[in-house]
Amino acid sequence: MGRSFGIALVAIALATACDRNVEPFDPSEPVERPDLSKIFPEGAERSGDAQALRGAMPAAAGAEAPRGGAPLAGTVRIAPALAALVRPGSVLFLILRTGPGPPTAVRRFSDPSFPLEFSIGPEDRMIASMPFDGPFQLVGRVDADKDATTRNPGDLQGEAKGTYLPGASGIEIVIDQVL
């Protein structure tokens with residue numbers, strides 16, 4: 001009886017499944033902005049998301065991203081005491097930030113050899129629409145597992161002293177820390 005009861009439940013579920021009235025895509029159908037007043041109460045635009053709540057659409061695909069400033073350039077060096085800890089196949093991630101939050105730009109160097117001359121600019125941005133206008137902090141991390149999102153024991157790290165504006169050159173990053 002248990003097995004037939006289970007089969008009956010499955011049959012009932014299939015027979016009464018949700019029909020969301022999904023119609024085929026019609027490319028000639030005009031695109032309309034949704035009426036957000038049904039979702040957000042009056043006055044919700046004061047929350048700081050006013051443009052989104054008014055239905056402001058993001059820039060169209062292919063729209064030109066802000067160009068920002070010139071690339072930053074310099075040299076990444078490794079402290080002599082740590083040179084032997086760089087594993088073959090490691091990756092150097094050069095990370096450019098303006099503060100907390102996502103990095104402005106990241107550049108990846110496979111199997112780095114030190115000293116390493118670098119340039120990092122608007123073409124290395126993580127988010128194309130993010131302005132490239134500094135002041136920037138620069139961090140270099142030698143990562144053995146090649147994954148920028150991890151920070152494993154044994155990875156090496158260093159940073160440039162101070163902050164830099166677009167176009168700065170002669171920047172020196174010294175990898176001098178073991179995580």
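Condition first: in a loop (DSSP other than H, G, I, E, B), in contact with a strand residue (DSSP E or B) (Cβ under 7 Å, 6 or more places away or on another chain) and hydrophobic (A, V, I, L, M, F, W, C). Now tell me which residues in segment 119-176 satisfy that.
Scanning segment 119-176 gives Met126, Phe132, Ala148, Ala168.
For segment 64-117, please list each of the strands (runs of 3 or more DSSP E) lying entirely inside it that holds at least 3 residues being in contact (Cβ under 8 Å) with a residue 24 or more places away in the chain and among the β-branched types (Val, Ile, Thr). Can you show your working first?
Values: elements: 72-78, 91-97, 105-110.
Answer list for segment 64-117: 72-78.
Answer with yes or no whether Arg141 is surrounded by fewer than 19 Cβ atoms within 10 Å (Cβ to Cβ) and within 21 Å of Gln177 (Cβ to Cβ).
Numbers: surrounded by fewer than 19 Cβ atoms within 10 Å (Cβ to Cβ): no; within 21 Å of Gln177 (Cβ to Cβ): yes.
No.
What about Ile120, is it among the β-branched types (Val, Ile, Thr), within 16 Å of Val76 (Cβ to Cβ), touching a Lys or Arg at 6+ places or on another chain (Cβ under 7 Å) and crowded, with 18+ Cβ neighbours inside 10 Å?
Here the answer is yes, as Ile120 does meet what is asked.
Readers should treat all values here as calculations from the given coordinates under stated rules, not as data from a laboratory. Since the structure is predicted, the reported quantities are computational estimates derived from the model, not experimental observations. In this analysis, Cβ positions are derived from the backbone assuming ideal geometry, glycine residues included, and neighbour counts consider all displayed protein chains.
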